[in-house]
Amino acid sequence: MTETIRSRTYTVTIPAGKAGFRLDRALADQLSDISRTRVRALIEDGHVRTQAGGRVRAKALVRAGESYVVVVPAARPAVPEAQAMDLHILHEDDDLIVLEKPAGLVVHPAPGNPDRTLVNALLAHCGGKLSGIGGVARPGIVHRLDKDTSGLMVVAKTDRAHHALAAQLEARTLTRVYRALVWGVPSKREGTIEGNIGRSRADRKKMAIVKRGGKPALTRYKVVKVLAGAISLVECRLATGRTHQIRVHMAGLGHPIVGDPNYGGAATARRLAALPRALAAKIGSLHGQALHARSLAFAHPADGRTMSFSSNKLCKFNDLME
């Protein structure tokens, strides 16, 4: 069955600080979950009007106190198809699956990635026996990893297991430990990074540490070793699980993750030139952020026994891990 996502309606009043801005920018700044590009498309399709019902233009300059009605139409996502793909499973029982996701694999279908995702592979493997709590597009998905992040995930096969695992995530008792390569050497070899994370005002596709709004986020890190005085292997423990949390927090500390193009970690010629030749060749060959979810621990939803897993098998920088 196809899941219908309901339409959403927003009424936005322009604050004094946005007077004189273009309409599309002013609305995007006020609607944290909608990008400026999406706002512009909504305007062009007639889904943004004045409170009196008049049509508007994206480039129109707004005045303080003006109100606009924004309607995001209902969408009907496609039902993911089962597609047989190799899965690196560490554990499976009637309630859940623990697997290691390779870098480059998208977790669930989304615009630009309609198929060949982890969800498609899980549907083929499980024959439809997955928790439905995540909705049609995300069956069984309790937590996610970014496309270019590799590592361990737990997938729920039943709604009971999904509820229990989600509760552990909320209570911060589901433990996730990551390893990452970062540029530079942190002045404190061990520490805690706290800072609310929200949508970046400069680029709506990115996240950022924000002073106001956002969601509380806490990452504990420890330097495991230093490579050539220029790159650190760090261990990161998540107390919360915000989008891009480790990537944003390490960049905020001044030590972006190696290979992360979104948060300042690109392997530039200048950075590579400062490394020994062999290390430079390895770092230069990495695609995407050097981040791996190495360990995972939780209480089994059925009987409460501790389940603990660790693996570096699919880590693209495994040879630099130890």
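Here are some notes:
- Residue, surrounded by the fewest Cβ atoms within 10 Å (Cβ to Cβ), within segment 119-140, restricted to residues that are closer than 21 Å to residue 174 by Cα and in contact with a Pro (Cβ under 7 Å, 6 or more places away or on another chain): 132
- Counting the residues of segment 285-322 that are at pLDDT 95 or above and over 20 Å from residue 100 (Cβ atoms) gives 6.
- Members of segment 180-193 that are surrounded by 15 or more Cβ atoms within 10 Å (Cβ to Cβ) and over 16 Å from the mean Cα position of the chain (by Cα): 181, 182, 183, 184, 185, 186, 193
- Matching residues, segment 80-97, being crowded, with 19+ Cβ neighbours inside 10 Å and either within 19 Å of the chain's Cα centre (by Cα) or modelled with pLDDT under 95 (or both): 80
- Residue check, residue 249 under 28 Å from residue 142 (Cβ atoms), modelled with pLDDT under 95, out of contact with any helix residue (DSSP H, G or I) (no Cβ under 9 Å at 6 or more places or on another chain) and of a type outside the set (Asp, Glu): no
- Of the criteria (1) over 22 Å from the mean Cα position of the chain (by Cα); (2) in a strand (DSSP E or B); (3) of a type outside the set (D, E, K, R), which one residue 152 fails: (1)
- Flag for residue 201 being surrounded by fewer than 19 Cβ atoms within 10 Å (Cβ to Cβ), farther than 23 Å from residue 223 by Cβ and in the same structural domain as residue 107 (by TED's automatic domain parsing): no
- Qualifying residues in segment 141-162 (those that are free of Cβ contacts under 8 Å to residues at least 60 places away in the same chain and out of contact with any strand residue (DSSP E or B) (no Cβ under 6 Å at 6 or more places or on another chain)) - the one surrounded by the fewest Cβ atoms within 10 Å (Cβ to Cβ): 159
- The C-beta contact set for segment 105-125 (first residue touching a residue at least 24 places away in the same chain (Cβ under 8 Å), second residue part of a helix (DSSP H, G or I) and not charged (D, E, K, R), distance under 6 angstrom, 6+ apart or interchain) comprises 105/118; 107/118; 108/119.
- Of all residues making up segment 30-79, the number that are out of contact with any Phe, Trp or Tyr (no Cβ under 9 Å at 6 or more places or on another chain) and either modelled with pLDDT under 95 or not in a strand (DSSP E or B) (or both): 34
- Restricted to segment 160-190, and to residues there that are in a strand (DSSP E or B) and among the β-branched types (Val, Ile, Thr), the residue that is farthest from residue 249 (Cα to Cα) is 175.
- Helices (runs of 4 or more DSSP H) lying entirely in segment 210-322 (those with 3 or more residues that are outside the structural domain of residue 142 (by TED's automatic domain parsing) and in contact (Cβ under 8 Å) with a residue 12 or more places away in the chain): 245-252, 277-285
The values are calculated or read from the model by the stated rules, or taken from the named source; none is laboratory data. For clarity, every value in this text was computed on a predicted model and none was experimentally measured. As a convention, Cβ positions derive from the backbone with ideal geometry for all residues, glycine included, and neighbour counts pool all protein chains shown.
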